Amino acid sequence: MTAKAWGGRFSEGTAAIVEEMNASIAFDQILALEDIAGSIAHSRMLAAVGLISAAEQSDIETGLTAIAADIRAGQFAFTVAREDVHMNVEGALADRIGRAAGRLHTGRSRNDQVALDLRLFLRRELTRLGRDLARTIADLCKLAETHAALPMPGYTHLQRAQPITFGHHLGAWATMLARDLERLLDTRRRLSVSPLGSGALAGTPLPIDRHRVADELELPAITMNSLDGVADRDGALETLSTLSILMVHISRIAEELVLWTSQEFGFIALSDAFCTGSSLMPQKKNPDIPELLRGKAGRVFGALQALLTLMKGLPLAYNKDMQEDKEPLFDAMKTTRQCVAILPDLLAAMTVRPERMSDALKDGFLLATDLADYLVDKGVPFREAHHIVGAVVGHCVLSQKRLEDLDLETYRSISEHFDSQVFSALDVSRSLSRRNLPGGPAPEAVRTSITHLRRELSALEARLATGGPSRLEQALHEGTPLP
Ligand code: ARG
């Protein structure tokens, strides 16, 4: 006979091969402390409404607290025979306190239990990720300010386009990541809802108090449909979408670091600690970490795709397929956290090479647009000015000259709108300082944008500081007395 929690109606044991496939304990044990927090909150509620006695509740809470200590110490023996994290914890509780453990699952199903655990896990992980992301954004703001006046070429189609500043470019990175932080907080808020009380799918006739459990776990709301409560994995899907977009941004930042450390660009150098060599070519110094950051995006996108495919077309409510949500989700979370955590050190490992940036500004006619704008100032319609400057560039290409190498006569032979002021239009720092509109690359505009971004960041940090894991979960993670 089987000793399974659900074994009552079974007369044969589970086949070993089935047990192996069915069990999720190898990967869902990561939810153990969240599972225990949910169980303690549930047991307190059960006692409050009189479904279990105060003495039974106390035994349950003491037992679960001791199990949490074992888990923290790495001394808890998770076993495949007990299938998943929920039954491992409940089984261990029964080993410790005996019969009273059997009352813990009153008015609850593993279906609403796992839905709750995932939400608590995501709330905690998103909070941790958010903190690291906020630190990166703050570092980028500082760097952007330092380099607010350092000219570099800006690109479109990876062709030199117009002068910008390095600070402006770094500010773009910070702005992208600030949107990610906001998305992450929005995701966290939406998923911070308690599904407990949904039961297996149809709630429970027992007089439980759903709000009390939610309050205990500092979840601001409860789910309002028991079918949806156990069938919904939007929180996981949305988290993976949010992480995917964040990884798009990280991969773009990483790609620019790869480009800029190349000999072709040489705009920055990375310290040896962030690079590796080649086993064959003695001269090589490769930007492995940016390359890995670029590559790891694929894993996170894969997780999103896996979960979308998993959930598509599933009938309500719970289906065992949904057990497959965990590995990709956990891997994507871990991967993204690792990538974000390394960013501040990676930025600190960067040495800027202003001379390479200014060399790159010399060729490529980056001031051609400024020349057209100069003609516009003289009253020439922009389309005409564009055409005239196109002819100037064509002339330079043929004669292998730069815009500033042509004399006034040559300019005037192309258009009589040119006068002696033309050369003042051909100055990088003048070009930059004139682009002093909100969001522009002028040093002053860059500083203003950074001030704005910092204000936004403090608002996001304030949101981050509340709405995270409950005190109960924190105490279980830290091993401090339970509130
Ligand atoms: N290990 C399961 C999962 O992760 C928990 C829920 C199981 N529920 C059930 N009715 N078999 O999805």
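Observations on the model:
- Among the residues making up the range 459-483, those that are in a helix (DSSP H, G or I), under 25 Å from the mean Cα position of the chain (by Cα) and without any contact (Cβ under 8 Å) to a residue 12 or more places away in the chain are A459, A462, A465, Q474, E478.
- Every pair of residues 6+ apart whose Cβ atoms lie under 6 Å, when the first sits in the range 221-248 and is farther than 29 Å from W173 by Cβ while the second is among the acidic types (D, E) and crowded, with 17+ Cβ neighbours inside 10 Å: V230/D112; R233/D325
- Within the range 386-417, the set of residues being in contact (Cβ under 8 Å) with a residue 12 or more places away in the chain and over 22 Å from G154 (Cα atoms) comprises I388, A391, H395, L406, L408, T410, Y411, I414, S415, H417.
- Extreme residue, farthest from K378 (Cα to Cα), among residues of the range 406-421 that are small (G, A, S) and in a helix (DSSP H, G or I): S413
- Residues located in the range 61-105, provided they are basic (K, R) and touching a residue at least 40 places away in the same chain (Cβ under 8 Å): R72, R82, R103
- Enumeration of residues in the range 300-327 that are assigned to a helix (DSSP H, G or I), more than 23 Å from L246 (Cβ to Cβ) and of a type in the set (S, T, N, Q): Q323
- Filter pass, S43 being within 14 Å of the ligand (Cβ to nearest atom), small (G, A, S) and at pLDDT 95 or above: no
- Check on L240, touching a Leu at 6+ places or on another chain (Cβ under 7 Å) and surrounded by 20 or more Cβ atoms within 10 Å (Cβ to Cβ): yes
- Failed condition for V380, given (1) at pLDDT below 95; (2) more than 44 Å from the chain's Cα centre (by Cα); (3) not in a helix (DSSP H, G or I): (1)
Okay, residues lined up against (1) surrounded by 22 or more Cβ atoms within 10 Å (Cβ to Cβ); (2) away from the ligand (no atom under 16 Å from the Cβ):
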residue: N88; (1), (2): yes, no
residue: L93; (1), (2): yes, yes
residue: I97; (1), (2): no, yes
residue: A100; (1), (2): no, yes
residue: L120; (1), (2): yes, no
residue: R135; (1), (2): no, yes
residue: D139; (1), (2): no, yes
residue: A144; (1), (2): yes, yes
residue: M152; (1), (2): yes, yes
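- Some residue of the range 450-458 being more than 28 Å from the chain's Cα centre (by Cα), part of a helix (DSSP H, G or I) and of a type in the set (D, E): no
- Residue ID - farthest from L122 (Cα to Cα), chosen from residues in the range 297-346 that are within 16 Å of the ligand (Cβ to nearest atom) and touching a Lys or Arg at 6+ places or on another chain (Cβ under 6 Å): M311
- Matching residues, the range 224-282, being aromatic (F, W, Y) and not in a loop (DSSP other than H, G, I, E, B): W260, F274
- Selected residue (only one of D370, D359 is among the acidic types (D, E), touching a residue at least 60 places away in the same chain (Cβ under 8 Å) and in a helix (DSSP H, G or I)): D370
The values are calculated or read from the model by the stated rules, or taken from the named source; none is laboratory data. Owing to the predicted nature of the structure, the values given are computational and were not obtained by experimental measurement. Neighbour counts are summed over all protein chains in view; Cβ atoms, including those assigned to glycine, are modelled from backbone coordinates with ideal geometry.
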